[in-house]
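The values are calculated or read from the model by the stated rules, or taken from the named source; none is laboratory data. Quantities reported herein were computed from a predicted structural model and do not represent experimental measurements. Here the Cβ positions follow ideal geometry from the backbone for every residue, glycine too, while neighbour counts run over all protein chains shown.
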Amino acid sequence: EVQLLESGGGLVQPGGSLRLSCAASGFTFINYAMNWVRQAPGKGLECVSSISGGAKSTYYADSVKGRFTISRDNSKNTLYLQMNTLRVEDTAVYFCAKAPVTWGSGFYFDLWGRGTLVTVSS
Amino acid sequence: DIQMTQSPSSLSASVGDRVTITCRASQDISNLLAWYQQKPGKAPKSLIYAASSLQTGVPSRFSGSTSGTDFSLTISSLQPEDFATYYCQQYYRYPFTFGQGTKLDIK
């Protein structure tokens, strides 16, 4: 079955760190760019980071640049998001999302996971 | 950043109705627009890409169209499972931006 399964969310204090994981199955992982898209409570969607199939290219939204690091282990079919110096405004459900291409100037997301909740609060 | 203005923000309709949701881009994005459906507590689901191409497995009652920088998602005959929130997304330029969503509920 084609699916994405996120894990690693939880409650963390402002300034803390958290590492999210996304396990992929049912498709050739290395062939596709992967992304993290977040949704703050009651809000819309924001693409925070993307990584190419071969992990040579990355993108970060200005809101997370310098604090978050995206990576992938193609031998384990797993995507990661290392989140440091977390802020209250990072509180959101974080979705793992697959693009239908390896990389490019633009892409949409054709497969999504169910998300993992990150709560930043003291 | 490219702004995506979605309307209406909410919509009440009945089973069998034809409904249209609109998304306006703040600049030319060619046809690089996608539509998603999200139900409460669930992952978003891809419906349409390239403004009018139907994702595999999506019912044909869903369709997309474009007129300049205005994009529309139409559901020709609402089914009970279609009540959800719908988002548009441009992928013409980074950062890829989403509309604020349209919540479609039962009248």
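Would you confirm whether any residue within the range B:75-82 is in a strand (DSSP E or B) and either surrounded by fewer than 18 Cβ atoms within 10 Å (Cβ to Cβ) or touching a Leu at 6+ places or on another chain (Cβ under 6 Å) (or both)? Looking for residues that are in a strand (DSSP E or B) and either surrounded by fewer than 18 Cβ atoms within 10 Å (Cβ to Cβ) or touching a Leu at 6+ places or on another chain (Cβ under 6 Å) (or both), one finds none in the range B:75-82, hence no.
Here the condition is being within 11 Å of another protein chain (Cβ to nearest Cβ), in contact (Cβ under 8 Å) with a residue 60 or more places away in the chain and β-branched (Val, Ile, Thr); of A:Val101, A:Val118, A:Val88, it holds for A:Val101 alone. A:Glu1 meets all of the listed conditions (1) modelled with pLDDT under 95; (2) surrounded by 13 or more Cβ atoms within 10 Å (Cβ to Cβ); (3) more than 13 Å from chain B (Cβ to nearest Cβ) but one, namely (2).
When the range A:84-122 is limited to residues that are farther than 23 Å from B:Lys42 by Cα and among the hydrophobic types (A, V, I, L, M, F, W, C), the one that is surrounded by the most Cβ atoms within 10 Å (Cβ to Cβ) turns out to be A:Leu86. Out of the residues in the range B:59-79 that are within 13 Å of the chain's Cα centre (by Cα) and among the aliphatic types (A, V, I, L, M), state the one that is nearest to B:Ala13 (Cα to Cα). Filtering the range B:59-79 for residues that are within 13 Å of the chain's Cα centre (by Cα) and among the aliphatic types (A, V, I, L, M), the one nearest to B:Ala13 (Cα to Cα) comes out as B:Ile75. Output the residue which, of all residues in the range B:25-48 that are crowded, with 21+ Cβ neighbours inside 10 Å and of a type in the set (S, T, N, Q), is nearest to the other protein chains (Cβ to nearest Cβ). That would be B:Ser46. Within the range A:41-55, being over 12 Å from the mean Cα position of the chain (by Cα) and either closer than 13 Å to A:Ser71 by Cα or at pLDDT 95 or above (or both) holds for A:Ser52, A:Gly53, A:Gly54, A:Ala55.
Among residues of the range B:42-55 that are touching a residue at least 24 places away in the same chain (Cβ under 8 Å), those with a Cβ under 9 angstrom from a residue that is in a loop (DSSP other than H, G, I, E, B) and surrounded by fewer than 21 Cβ atoms within 10 Å (Cβ to Cβ), sequence gap 6+ or separate chain, pair up as B:Leu47/B:Gln55; B:Leu47/B:Val58; B:Ile48/B:Gln55; B:Ile48/B:Val58.
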